[in-house]
Amino acid sequence: MDERNGIIESWEINASEWIKALQKQTIASRKITSPAIFNTIKKLNPAKVLDVGCGEGWLTYKLHQEGIEAVGIDGTPVLIKRAKTREGHYFVQTFEEIIEGAQIPEGPFELAVFNFCLYLNEGTGEILKAVGKFLDGRQQLVIQTLHPFTFIGADFKYQSQWLPDSWKGLSGSFSSPHKWYFRTLQDWVTLIRDSGYKIEGIDEPTAKDGKAPASIIFVLTINDKKQL
């Protein structure tokens with residue numbers, strides 16, 4: 001099965017369970033990571049934001065509440081249907097459609113954000129380049145993902161590789177997990193550079209006990225638009 005199709009199918013199957021997990025606040029790490037990504041964007045003070053892979057739309061809506069114009073896109077219709085129960089602008093659009101040249105509604109944008117939605121290997125560079133074409137003005141891009149150092153000491157080598165269970169560790173009745181591509185920190189930096197961006201800042205949101213980072217946030221700007 002195509003990597004992208006497997007991801008879309010898994011999210012379609014588990015969309016309702018995901019929404020329930022958010023409503024019940026059973027994902028402990030989100031108490032750290034959700035404020036972290038919101039505060040990062042707020043500090044950058046963009047006029048208009050594209051929330052790529054917005055899911056049920058919590059971040060798009062929160063930015064809207066703060067007076068920041070925001071548009072959310074996601075490839076899972078059930079999640080966009082849920083997002084549309086809130087104020088804001090939401091559209092069903094897959095990564096593949098954008099990569100193949102589809103126009104993103106209501107662009108251009110000053111900033112695009114990918115919040116825990118980059119699961120592919122080669123396709124990740126493709127989507128970063130494709131979205132970059134819709135950035136204007138400051139041309140900023142923000143990525144939040146699992147911190148690579150979280151997996152040091154795990155039962156696999158610290159190297160970029162496919163891992164099998166996207167829903168591992170989440171409570172609830174999740175099924176049909178999709179594979180996701182783990183990257184080392186060095187490979188994230190290389191990917192960002194090769195996709196035409198430069199790193200302007202890195203944040204490592206950490207729990208109060210300070211034992212391990214919950215995520216890593218990259219703040220990027222376009223280095224060479226001709227490279228996109």
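The values are calculated or read from the model by the stated rules, or taken from the named source; none is laboratory data. What you see is a predicted model, and the numbers here were worked out from it, not measured in a lab. Cβ sites come from the backbone with ideal geometry, for glycine too, and all protein chains shown count toward neighbours.
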How many residues, within region 167-206, are of a type in the set (D, E) and either farther than 19 Å from N115 by Cβ or surrounded by 18 or more Cβ atoms within 10 Å (Cβ to Cβ) (or both)?
3
Tell me which residues, restricted to region 35-50, are surrounded by 14 or more Cβ atoms within 10 Å (Cβ to Cβ) and either β-branched (V, I, T) or within 15 Å of G137 (Cα to Cα) (or both).
I37, T40, I41, L44, P46, K48, V49, L50
Can you name the residue in region 161-189 that is under 18 Å from the mean Cα position of the chain (by Cα) and of a type in the set (S, T, N, Q) and, of all such residues, is nearest to W18 (Cα to Cα)?
S166
Starting from residues that are outside any strand (DSSP E or B) and in contact (Cβ under 8 Å) with a residue 12 or more places away in the chain, keep the ones in region 207-225 and report whichever is surrounded by the fewest Cβ atoms within 10 Å (Cβ to Cβ).
D224
Counting only residues that are out of contact with any Phe, Trp or Tyr (no Cβ under 9 Å at 6 or more places or on another chain) and crowded, with 23+ Cβ neighbours inside 10 Å, give me the strands (runs of 3 or more DSSP E) lying completely in region 51-128 with at least 2 of them.
109-115
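So which residues in region 129-151 are part of a helix (DSSP H, G or I) and under 18 Å from the mean Cα position of the chain (by Cα), if there are any at all? Before the answer, list the steps.
Applying the first criterion (part of a helix (DSSP H, G or I)) to region 129-151 yields 129-132, 148-151.
Listed by number, the residues that qualify are K129, A130, V131, G132, P148, T150.
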Which one of these is farther than 24 Å from I104 by Cβ, outside any strand (DSSP E or B) and not β-branched (V, I, T): G169, G201?
G169
Residue among I222, I152 that alone is out of contact with any Lys or Arg (no Cβ under 7 Å at 6 or more places or on another chain) and within 22 Å of V52 (Cβ to Cβ)
I222
Residue check for I32: at pLDDT below 90 and part of a helix (DSSP H, G or I)
no
One residue is enough: does region 153-165 have a residue meeting the conditions touching a residue at least 60 places away in the same chain (Cβ under 8 Å) and surrounded by 14 or more Cβ atoms within 10 Å (Cβ to Cβ)?
no
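Quickly run through region 78-88 and pick out the residues that are closer than 22 Å to V131 by Cβ and at pLDDT 95 or above.
Of everything in region 78-88, those that are closer than 22 Å to V131 by Cβ and at pLDDT 95 or above turn out to be L79, I80, A83, K84.
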